[in-house]
1. Show the residue pairs meeting these rules: Cβ distance below 6 Å; 6+ apart or different chains; first residue within segment 66-87 and touching a residue at least 24 places away in the same chain (Cβ under 8 Å); second residue open to solvent by 80 Å² or more (accessible area, probe 1.4 Å) and not aliphatic (A, V, I, L, M).
2. Please verify whether Ser74 is modelled with pLDDT under 95, over 10 Å from the mean Cα position of the chain (by Cα), open to solvent by 70 Å² or more (accessible area, probe 1.4 Å) and of a type in the set (Gly, Ala, Ser), treating the condition exactly as stated.
3. Residues that are modelled with pLDDT under 95 and over 10 Å from the mean Cα position of the chain (by Cα), at least 2 per element: which helices (runs of 4 or more DSSP H) completely within segment 1-44 meet that?
Amino acid sequence: HIDRFRWSKLWKTKRSYIRERDLNLCRICLLNGDYTSYQLEVRHITPLAEDFEQRLNDDELITLCRYHHEQAESGKISRETLRENIPPPIST
């Protein structure tokens, strides 16, 4: 069901919201003062295979460039570091 979720309208809507919340910037590049706005992906900090119930939790989602997404995937960027760099929700 993970593959089906990744193609769902629900995920596409959530992914758009997270990118907007994160100002369409890689949150790890931003730590270094870089404003990377290309090849962006929204990452589940806790992989879906580990905890599918968290799939739409804003506190488990972060925008990363492809490079930092791959580093997070391989464990070179800790989940704690990712969570610490999630910005506050968009206020309306």
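1. Arg66/Gln39
2. no
3. The qualifying helices (runs of 4 or more DSSP H) are 2-6.
Every residue, every condition in (1) on the phi > 0 side of the Ramachandran plot; (2) open to solvent by less than 40 Å² (accessible area, probe 1.4 Å); (3) hydrophobic (A, V, I, L, M, F, W, C), yes or no:
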position: Ile2; (1), (2), (3): no, no, yes
position: Ser16; (1), (2), (3): no, no, no
position: His44; (1), (2), (3): no, yes, no
position: Glu53; (1), (2), (3): no, no, no
position: Thr81; (1), (2), (3): no, no, no
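The values are calculated or read from the model by the stated rules, or taken from the named source; none is laboratory data. The shown structure was predicted, so the numbers you read here are calculated from the model rather than taken from an experiment. Methodologically, a virtual Cβ is constructed for each residue, glycine included, from the backbone with ideal geometry; neighbour enumeration extends over all protein chains shown. These area figures cover heavy atoms from the full protein model, side chains too; ligands, DNA and RNA do not enter into them. Shrake-Rupley method; radii C 1.70, N 1.55, O 1.52, S 1.80 Å.
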